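Working notes, beginning with the structure itself.
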Amino acid sequence: MSFFKKLKEKFQSTEKTEQVSDKYKEGLTKTRKSFSEKINDLVARYRKVDEDFFEDLEEILISADVGVETVMDLIDELQMEVKRQNIKDTNEVKSVISEKLVEIYQGEDDEEIATLNLQEDGLTVILFVGVNGVGKTTTIGKLAHQLKEQGKEVLLAAGDTFRAGAIEQLNEWGKRVDVDVIKHSEGSDPAAVIFDAIQAAKSRNADVLICDTAGRLQNKVNLMNELSKIKRVIEREVPNGPHEVLLALDATTGQNALSQAKTFGEATNVTGIVLTKLDGTAKGGIVLAIRNELGIPVKYVGLGEQMTDLQQFDPQAFVYGLFADMMEEENLDS
């Protein structure tokens with residue numbers, strides 16, 4: 001059975017998997033349209049799989065922000081697989097590309113890629129980091145809503161005390177999803193806010209505390225020092241905390257997102273990426289570059305403006321959304 005057919009069967013097998021596939025299909029429209037058109041054009045131009053074919057494929061993948069290092073790895077693996085299967089027809093390469101994209105992302109972490117490290121007993125502390133303008137506060141609100149829907153008692157901490165309006169923005173999200181926000185006045189010590197939020201979470205027997213932080217440019221030494229200070233407070237007050245350090249990145253910024261991930265990763269030991277605005281870019285390949293070049297899993301992706309459009313990242317659903325048009329073009333039911 002072809003990889004395309006397996007994917008199609010998986011995501012049309014139940015109502016739940018169909019909903020997931022629909023979210024990814026809709027959310028990846030811009031990336032898929034650009035990617036599919038280029039791949040189909042490539043296949044139409046070449047009758048056989050040769051060196052020139054792979055060179056043009058390389059350019060397509062790089063233009064989708066898959067990342068140069070990742071593209072080199074992928075092309076090497078594709079060439080070996082094509083040789084192993086003795087593939088001559090360029091049409092047959094499409095399925096192999098999709099399979100290799102999943103392999104590059106998943107590796108051996110199939111079961112753990114999209115899960116949060118939630119504590120079964122006691123408080124879970126999630127620290128959000130990232131530059132201004134990436135959708136960090138909105139993502140916190142959406143995640144709080146999801147966790148509350150799962151029956152969790154959730155608190156928010158307004159640790160971004162520097163940006164004008166940041167506290168009020170988080171407070172508005174708190175009201176919207178009916179979750180309390182622990183806050184101080186603008187300009188207060190962020191570490192003090194987080195400390196008070198932890199005490200409040202403990203006294204209320206909360207399940208999850210989500211902490212917002214300042215998002216000034218990532219090359220500011222004082223910002224990184226502030227994040228380190230916050231982390232020390234959490235580590236002191238909560239055993240094994242923070243349990244997640246999630247970095248919010250704007251998918252539309254492409255390779256700049258990769259640069260931010262490297263910088264924040266060095267400063268705060270990031271455990272996962274939340275890739276926002278994936279629906280707004282034609283360069284969704286950045287997902288693969290982040291995973292392959294940094295070794296940091298993408299745990300959530302933003303696929304739209306609605307409350308339910310923050311989705312746990314599923315690499316197979318991602319590839320399904322990326323290749324959905326090609327699957328429809330092929331007669332997979334034969």
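The values are calculated or read from the model by the stated rules, or taken from the named source; none is laboratory data. None of the values given here were measured: they were computed from a predicted structure. Here the Cβ positions follow ideal geometry from the backbone for every residue, glycine too, while neighbour counts run over all protein chains shown.
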Residues being crowded, with 23+ Cβ neighbours inside 10 Å and at pLDDT below 85: count how many of those fall in segment 262-282.
-> 1
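Inside segment 28-56, can you point out the residues that are surrounded by 13 or more Cβ atoms within 10 Å (Cβ to Cβ), within 21 Å of the chain's Cα centre (by Cα) and either charged (D, E, K, R) or outside the structural domain of Phe323 (by TED's automatic domain parsing) (or both)?
First pass over segment 28-56, keeping only residues surrounded by 13 or more Cβ atoms within 10 Å (Cβ to Cβ): 28-32, 34-36, 38-40, 42-43, 46, 49, 53-54, 56.
Narrowing the set further to residues that are within 21 Å of the chain's Cα centre (by Cα) leaves 28-32, 34-35.
Hits for segment 28-56 are Lys30, Arg32.
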If you go through segment 121-144 one residue at a time, do you hit one that is assigned to a helix (DSSP H, G or I) and of a type in the set (Asp, Glu)?
-> no
Restricting segment 10-28 to residues that are at pLDDT below 85 and assigned to a helix (DSSP H, G or I), the residue that is nearest to Phe323 (Cα to Cα) | Ser21
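Would a scan of segment 84-94 turn up a residue that is under 25 Å from the mean Cα position of the chain (by Cα) and hydrophobic (A, V, I, L, M, F, W, C)? If you could, list the steps in order and put the result at the bottom.
The first filter runs over segment 84-94 and keeps only residues under 25 Å from the mean Cα position of the chain (by Cα), leaving 94.
With the extra rule that they be hydrophobic (A, V, I, L, M, F, W, C), the set shrinks to none.
Looking for residues that are under 25 Å from the mean Cα position of the chain (by Cα) and hydrophobic (A, V, I, L, M, F, W, C), one finds none in segment 84-94, hence no.
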Counting only residues that are assigned to a helix (DSSP H, G or I) and either under 15 Å from Ala206 (Cβ atoms) or out of contact with any helix residue (DSSP H, G or I) (no Cβ under 7 Å at 6 or more places or on another chain) (or both), segment 167-194 contains a total of 10
Taking segment 107-165, which residues are among the hydroxyl-bearing types (Ser, Thr, Tyr) and at pLDDT below 90?
-> Thr115
What about Lys25, is it outside the structural domain of Thr308 (by TED's automatic domain parsing) and either surrounded by 13 or more Cβ atoms within 10 Å (Cβ to Cβ) or touching a Pro at 6+ places or on another chain (Cβ under 9 Å) (or both)?
-> yes
For segment 1-22 the number of residues that are within 21 Å of the chain's Cα centre (by Cα), closer than 15 Å to Ser98 by Cα and surrounded by fewer than 16 Cβ atoms within 10 Å (Cβ to Cβ) is 0
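Take residues that are among the hydroxyl-bearing types (Ser, Thr, Tyr) and tell me which of the helices (runs of 4 or more DSSP H) falling wholly in segment 29-111 contain 2 or more. Spell out the reasoning first.
Details: elements: 29-45, 51-63, 68-85, 93-106.
Qualifying helices (runs of 4 or more DSSP H): 29-45, 93-106.
Can you name the residue in segment 279-305 that is among the small types (Gly, Ala, Ser) and in a helix (DSSP H, G or I) and is also farthest from Met72 (Cα to Cα) among such residues? Talk me through it step by step, then tell me what you get.
Kept after step one, since they are among the small types (Gly, Ala, Ser), are these residues of segment 279-305: 280, 282, 284-285, 289, 295, 302, 304.
Now drop any that are not in a helix (DSSP H, G or I), which leaves 280, 289.
Values: Gly280: 26, Ala289: 11 Å.
That would be Gly280.
For Val129, indicate whether it is assigned by TED's automatic domain parsing to the domain that holds Pro190, more than 24 Å from Glu237 (Cα to Cα) and touching a residue at least 60 places away in the same chain (Cβ under 8 Å). Spell out how you get there, then give the answer.
Working: assigned by TED's automatic domain parsing to the domain that holds Pro190: yes; more than 24 Å from Glu237 (Cα to Cα): no; touching a residue at least 60 places away in the same chain (Cβ under 8 Å): yes.
The answer is no for Val129.
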Looking only at residues in segment 72-92 that are modelled with pLDDT under 90 and buried (at least 19 other Cβ atoms within 10 Å of the Cβ), which one is nearest to Pro315 (Cα to Cα)?
-> Leu74
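Name the residue, out of Leu227, Leu223, Leu147, Leu247, that is in contact with a helix residue (DSSP H, G or I) (Cβ under 6 Å, 6 or more places away or on another chain) and in a helix (DSSP H, G or I). Spell out the reasoning first.
Details: Leu223 fails: in contact with a helix residue (DSSP H, G or I) (Cβ under 6 Å, 6 or more places away or on another chain); Leu147 fails: in contact with a helix residue (DSSP H, G or I) (Cβ under 6 Å, 6 or more places away or on another chain); Leu247 fails: in a helix (DSSP H, G or I).
From the options Leu227, Leu223, Leu147, Leu247, the qualifying one is Leu227.
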Given the conditions (1) of a type outside the set (Phe, Trp, Tyr); (2) surrounded by 19 or more Cβ atoms within 10 Å (Cβ to Cβ); (3) not assigned by TED's automatic domain parsing to the domain that holds Gln19, and given that Ala324 satisfies all but one, which numbered condition is not satisfied?
-> (3)
Inside segment 158-167, can you point out the residues that are over 20 Å from Arg236 (Cα atoms) and surrounded by 14 or more Cβ atoms within 10 Å (Cβ to Cβ)?
-> Asp160, Thr161, Phe162, Arg163, Ala166, Ile167
